[in-house]
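Asker: Before I ask anything, here is the structure I am working with.
The values are calculated or read from the model by the stated rules, or taken from the named source; none is laboratory data. Remember, predicted model here, so these are calculated numbers, not experimental data. Neighbour counts are summed over all protein chains in view; Cβ atoms, including those assigned to glycine, are modelled from backbone coordinates with ideal geometry.
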Amino acid sequence: MNAPFLQREAIAAGGTLHLYAAFHLNLAFSSIEEEQRGEVIKRCYWPLLDLACKHGPIGIEATGFTLEEILARDPEWIGRLRSLIARGRVELIGSGYAQIIGPLVPARVTEENLKIGNEIYQRLLRAKPTLALVNEQAYSAGLVELYRDAGYRAVLMDWDNPGVQHPEWPSETRYLPQRAKGVSGESIGLLWTSTVAFQKLQRFVHGDIALEEYLEHTRSRRGRDARALCVYASDGEIFDFRPGRYRTEETLSDSSEWKRLNEAFAALRNEANMRLMLPSEALELNGLADADQALHLQSAECPVPVKKQRKYNLSRWAVTGRDDIAVNAACQRIYEALAASNAGSGAWKELCGLWASDFRTHITQKRWAKFCEQLKAAEARFCIAPSPSPPPHPALSPCGGEGERFILVETPTLSARLDRRRGLAIESLRFAGHEQAAVGGLPHGHFDDIALQADWYTGDCVFEAPGEHKITDLEWCEARVWTEANGDVVACAKIETAKGPIEKTLRFLANAPRVEFDIVFHWQDWGRGSLRLGHITLLPDAFEWTKLSLTTHNGGKEAETFSLNGATVEHGAPVSFLVSSSFGLGMTEGWAELGDTKTRVRVDVDRKTAPLLGLLTHKRIGGSLFCQLMLSALELDETRKPAPYCDGARRFRFGISAAAKSTDH
């Protein structure tokens, strides 16, 4: 009988609670100024290595960027970490070069990020991690293939958000290693982190609770059979140092918080039926009942699970912050230039650094100004072709007579009915070959639910801010319509709003079943609120409801498909007065498809202009169905501090077209 088998048998025996920890190190932390990084190494990172020596083993996760920054300031620390890894006191956990939100970037970017990170781990630490912490715990099934191809055996992922979406999972699932299932059936090992567990430890260290209360909570996680629990999986920069992110941060006390951390780990080591282990050792529990299940962590309701409370959702790094959508668009432009030019690793490394999540949340004003300069310089260096200008409008008289509300549009590929009284919103859109219109509007009173007893359209824009009247483009407009030489029909209008005018151009193609939107907002003040566009509303009579599905990319090479049968989906529902949305779709290859096996509608976004976030609503109301895909340009959360990356008007481009029929959904 070999040693690994004996070790596995010992780990799985009895009712032992196996404990592991993963400390996340990030010198790009949004609230830390660059000149404070040496202090962080001294006050936080050295005590962490001392903890590993005295009370390890522990896991340490750091980006390649962080390790290079430490090397430049304190190379001795790198040598000490290398030694502790070799001795088995520390397990290196990987994450890539920069802390990038995988479900918001094209797959190639994550591939390069993981590759560059692995090269740095090998060069500085002579180690290749086999366990990865999913950045910001923002997971999608499309990432499984990318982590596997990068050499990872397993990933660490938050339990709480996937767990609440899957009540069918056995109760022991949360305490045992599992497998996360990818898009095409592949899977990767999965270890859970626990928000409650790491916050309990933080509360003890910060003096909120007594040691005995903390230990009693941990004891309560023991079971009849062996279990594994991640006691910590969060920042290493919050002990004996305050980043200054929140007004509610605990003040530093006279007693060392690292001393209290050592006290907690020493107490855990002395507890009966508890054992501290390296994180990857928990994978040895995969032979127990309810372990090693192949799980779909995602769902239509929650397509991209994220860490901690629901305020941490995909919009946080996509469309909030100081100007997330503008800087993400700039990164997309650089990405497309690099992908087209066969760029080297140095260029990809620069892009990965620019796409890091920390520039998109609580970034300080000083670092924001420097980041904008770096991003503009990278754009100027890599992006040769300028972005296309908005289309010119010929000097035509407004169409329609006084009081004529509707405009009918016909091309060889589609027919549409536009509402002049509602800012050229689409009342109905039928593609050639379809028996009836697939998208459009639903009249007031269509639904019995009072919450939905309004007019619903396709193609409109809505801005909402706390305590203010809603601003929309659903106003009477003077429209101009003309047919171009190639047969395309173009309609345009200018709608005045309280924040400034909105210019809308709709192009109905003659050679493809497609309508293209080009919308320019001449607003000076964007403020704090949500701006949602498109509102692509399915007409319920055109679809077989039980076969509806949505397909898109959330950071993977392969598209993910979510069945909507029986699902109630409200991605755009507010979490609180402070957080305006709950979930989202990355649409990282620029498109999503929605429909049944016979009729499918494709929505695509020009990510170089603005990488809009997808928000799906799907629910049955009485005898009808409400299914709508919104495209978000702005959401509200506590990171929102309006500061434009570039001044001037804002432009958004997207399209709606008939997609190929499929029987695979």
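Asker: What residue, among those in the range 646-660 that are within 12 Å of GLU593 (Cβ to Cβ) and among the small types (Gly, Ala, Ser), is modelled with the lowest pLDDT?
Answerer: Residue satisfying both the conditions and the ranking: ALA660.
Asker: On the given criteria, is GLY622 in the same structural domain as HIS553 (by TED's automatic domain parsing) and surrounded by 21 or more Cβ atoms within 10 Å (Cβ to Cβ)?
Answerer: Taking the combined requirement at face value, the residue does not satisfy it.
Asker: Out of curiosity, is LEU84 touching a strand residue (DSSP E or B) at 6+ places or on another chain (Cβ under 8 Å), assigned by TED's automatic domain parsing to the domain that holds ASN270 and not aromatic (Phe, Trp, Tyr)?
Answerer: On the way: touching a strand residue (DSSP E or B) at 6+ places or on another chain (Cβ under 8 Å): yes; assigned by TED's automatic domain parsing to the domain that holds ASN270: yes; not aromatic (Phe, Trp, Tyr): yes.
When the stated conditions are applied, LEU84 passes them.
Asker: Could you name every one of the helices (runs of 4 or more DSSP H) located completely within the range 256-374 that has at least 3 residues being farther than 30 Å from HIS166 by Cβ and of a type in the set (A, V, I, L, M, F, W, C)? First the steps, then the outcome.
Answerer: Numbers: elements: 257-270, 315-318, 324-341, 345-354.
Answer list for the range 256-374: 257-270, 324-341, 345-354.
Asker: Any idea which of (1) at pLDDT 95 or above; (2) within 23 Å of THR66 (Cβ to Cβ) is the one THR195 doesn't satisfy?
Answerer: Among (1) at pLDDT 95 or above; (2) within 23 Å of THR66 (Cβ to Cβ), the lone unmet condition for THR195 is (1).
Asker: Moving on to the next point. Is there any pair linking a residue in the range 51-63 that is assigned by TED's automatic domain parsing to the domain that holds LEU131 and over 23 Å from VAL134 (Cβ atoms) to one that is part of a helix (DSSP H, G or I) and among the aromatic types (Phe, Trp, Tyr), with Cβ under 6 Å and at least six apart or on different chains, and which?
Answerer: HIS55/PHE265
Asker: A further question follows. Considering only the range 489-506, I want to know if a residue exists there that is in contact (Cβ under 8 Å) with a residue 60 or more places away in the chain and assigned to a loop (DSSP other than H, G, I, E, B).
Answerer: Within the range 489-506, not a single residue is in contact (Cβ under 8 Å) with a residue 60 or more places away in the chain and assigned to a loop (DSSP other than H, G, I, E, B).
Asker: I've got another one for you. Report yes if some residue within the range 594-602 is crowded, with 23+ Cβ neighbours inside 10 Å, under 30 Å from ALA369 (Cβ atoms) and not small (Gly, Ala, Ser); otherwise report no.
Answerer: No.
Residue by residue, here is whether (1) β-branched (Val, Ile, Thr); (2) crowded, with 21+ Cβ neighbours inside 10 Å holds:
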| residue | (1), (2) |
| --- | --- |
| VAL520 | yes, no |
| LEU533 | no, yes |
| TRP545 | no, no |
| THR551 | yes, no |
| ALA559 | no, no |
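Asker: Report, ordered by the first and then the second residue, all pairs with beta carbons closer than 9 Å, sequence separation of six or more or different chains, a first member in the range 180-201 that is assigned by TED's automatic domain parsing to the domain that holds TYR139 and charged (D, E, K, R), and a second member that is outside any strand (DSSP E or B) and surrounded by fewer than 19 Cβ atoms within 10 Å (Cβ to Cβ).
Answerer: Final answer for the pair search is LYS181/HIS296; GLU186/ARG148; LYS200/ILE209; LYS200/GLU213; LYS200/HIS217.
Asker: Can you tell me which residues in the range 474-521 are at pLDDT below 95, closer than 21 Å to GLY440 by Cα and within 32 Å of the chain's Cα centre (by Cα)?
Answerer: Correct list: LEU474 only.
Asker: Go through (1) in a strand (DSSP E or B); (2) under 20 Å from VAL462 (Cα atoms) for LEU578 and report which single condition fails.
Answerer: (1)
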